[in-house]
Amino acid sequence: TARNGHEPEFIQAVQEVAETVIPYIAKQEIYNGKNILLRMVEPERLISFRVAWVDDDGEIHVNRGYRIQMNSAIGPYKGGLRFHPTVNASILKFLAFEQVFKNSLTTLPMGGGKGGSDFDPKGKSDDEVMRFCHAFMLELNRHIGPNTDVPAGDIGVGAREIGFLFGMYKKIRNEFTGVLTGKGLSWGGSKIRPEATGYGTVYFAESMLKTKNETFDGKTVVISGSGNVAQYAAEKAILLGARVVTLSDSSGYIYDKDGLNDEKLAFVMDLKNNRRGRISEYVDKYASAEFHEGKTPWNVKCDIALPCATQNELNKEDAKNLLKNGCMCVAEGANMPCNADAVHEFNNAKILFAPGKASNAGGVATSGLEMSQNSLRISWTREEVDERLKDIMKDIHDSCIEYGKEEDGFCNYVKGANIAGFVKVADAMLAQGVI
Ligand code: NDP
């Protein structure tokens, strides 16, 4: 805390891991006196740089770019880039720290990293976004590479941004390599990568429900966000027979009493991905829906909640509301959307609760599959990638059970994910010595 006291999100993420991992370490002789966790919380490298770019009116802007290379014990750094005005070192360090555990859980050889900028793509023209992405890569390119660090998308960085970033990397380095994931299908991308985080979150929740002999069929599902993760979580939940009744963005949430269907979801995807509009426009099109300005959807009655927008979007009061309304399963699609108090509420009530580092790991896992396909210069079918994704999500679920099951049979997935993720990285660090 002394060294990182000004970084609240990072401290929050580390505390959550420390709560479960420190008691485990204390019982394992091999980790005694090795200060592994102390070494894990210090990034191997933190790069901060100026990004200067020119807008459509000829005015010059300056943003701050970052790449946090957190841990490379088990593979090249891997993790997304976030473009959002709230981006700072604390948020990126929390995300990079989480990423180390998440990537370890996928069973693929990937270290952890994260990066981004306080640039806000909202309201910018395509040309302005392109100029920013090119300026960002002009510096970032010297720190990354297919065997060093492989960034991907995150909030504010989707297919359009990855295209511009990849184009500039290729031009500067004069090489066509798998240096970014989330690429377009015709230039090295993997099938199912856009869907992977949302689908994976639902696959994980399916495994959790199975432990209670339950399924998605006929359940009411509340989802926050309306970006990449939320859209595909909704798609898969609907396919499995659930009634998805909410979506949101930073201006509020929509409640559709009839539930979304394929046609309504296609409208949302076009609205958000092509027209870059606001979720409130949904109610102009569908009379069965109402818009709640400035609110989050956690007071809506549901069986399953999938927070898929951003960190700390669900607090203690929200958790109490969900529990009061009979919610039995919460799986995080976003990173750390539930704050520490909310997580404690869910675990004290012993409902099914999955932390993002386990339930949203499908995205980075499929990025790992994209890296493999790039190295092999082959392209797997949609079905092949989806099968691998399902297997990985099931393996992550099983690891959480192995390390998280308590004496009364309750599975603490937070504990399970933290310890399972920790062990693999810690063992690699031990083997590699003090570096
Ligand atoms: P997108 O940019 O596609 O969508 C983000 C969504 O969250 C939008 O609906 C956005 O609303 C909303 N949102 C963003 N910031 C805020 C805020 N401060 N308050 C309220 N709403 C907000 O991002 P993704 O869907 O890719 O990412 C969502 C979450 O999932 C993030 O936590 C990300 O780290 C995590 N994640 C993403 C992965 C991926 O593969 N994409 C992988 C693993 C985790 P608005 O449009 O109004 O900004």
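The numbers here are math on the coordinates, done by the rules we state, and not lab data. Computed from a prediction, not measured in an experiment: that's the story for all the values here. Cβ placement follows ideal geometry from the backbone for every residue including glycine, while neighbour counts extend to all protein chains displayed.
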For the chain, what does -39500 (n - 2.57) per DSSP helix run (n ≥ 4), summed and divided by total residues, give at 222 nm, in deg cm²/dmol to the nearest 500?
-14000 deg cm²/dmol
Alpha carbon centre of the range 267-346 versus the range 411-425: separation in Å?
26 Å
Packing-based exposure ordering (other Cβ within 10 Å, fewest first) of I144, I60, I223
I60, I144, I223
Note: probe point = Cα of A2 + 7 Å toward Cβ; backbone nitrogen < 16 Å; residues of the range 14-42 passing the test are 38-39, 42
With a 10 Å radius around each residue's Cβ, average the other Cβ atoms per peptide and rank 12-18, 358-364, highest first.
358-364, 12-18
Tell me, what is the percent relative contact order of the range 42-180, built from C-alpha pairs under 8 Å that lie six or more residues apart?
27 percent
Residues T148, T296, T106 in order from fewest to most other beta-carbon atoms within 10 Å are T148, T296, T106
When you have a sec, figure out the Kirkwood radius of the chain from all distinct Cα pair distances and drop it here in Å to one decimal?
21.8 Å
Hey, got the dipole for the range 42-180? About the Cα centre, +1 on K and R Cβ, -1 on D and E Cβ, debye to the nearest 20?
480 debye
Loop-located trypsin sites (Lys or Arg not before Pro) in the range 320-411 whose Cβ has at most 10 other Cβ within 10 Å (DSSP):
R377
List the aspartates and glutamates whose alpha-carbon lies under 12 Å from that of K102, not counting same-chain residues fewer than 8 positions away?
none
Taking H placed 1.01 Å from N in the peptide plane, check which residues at least 5 places from G79 or on another chain put their amide H under 5 Å from its amide H.
G113, V150, A152
Principal axes first, then extents: for the Cα atoms of the range 42-180, list largest minus smallest coordinate on each axis, whole Å, largest first.
47, 33, 22
The rounded separation in angstrom of the Cα centers of the range 160-215 and the range 22-40 is 34 Å
How many percent of DSSP beta bridges within the range 194-354 run antiparallel, rounded to 5?
40 percent
Residue order, fewest to most surrounding Cβ atoms within 10 angstrom, among I351, I47, I378:
I378, I47, I351
What does DSSP give for the chain in terms of the percent of beta bridges that are antiparallel, rounded to the nearest 5?
60 percent
For a quick check: with amide H placed at 1.01 Å from N, whose amide H comes under 5 Å from G182's, ignoring anything fewer than 5 positions away on the same chain?
S190
Calculate one ³J(HN,Hα) per residue across the range 38-53 by plugging θ = phi - 60° into the Karplus curve 6.51 cos²θ - 1.76 cosθ + 1.60, and present them in order as whole Hz with x for glycine and proline.
4, 6, 5, 7, 9, x, 4, 7, 10, 10, 10, 8, 7, 10, 9, 8
Can you bin the range 202-315 into rounded, prolate or oblate? Criterion: square roots of the alpha carbon gyration tensor eigenvalues sorted a ≥ b ≥ c, rounded for a/c under 1.5, prolate for a/b above b/c, oblate for the rest.
prolate
Mind listing the phi-derived Karplus ³J(HN,Hα) values for the range 297-304, rounded to whole Hz, using 6.51, -1.76 and 1.60 with θ = phi - 60°, and x for any glycine or proline?
x, 6, 9, 7, 5, 7, 8, 9
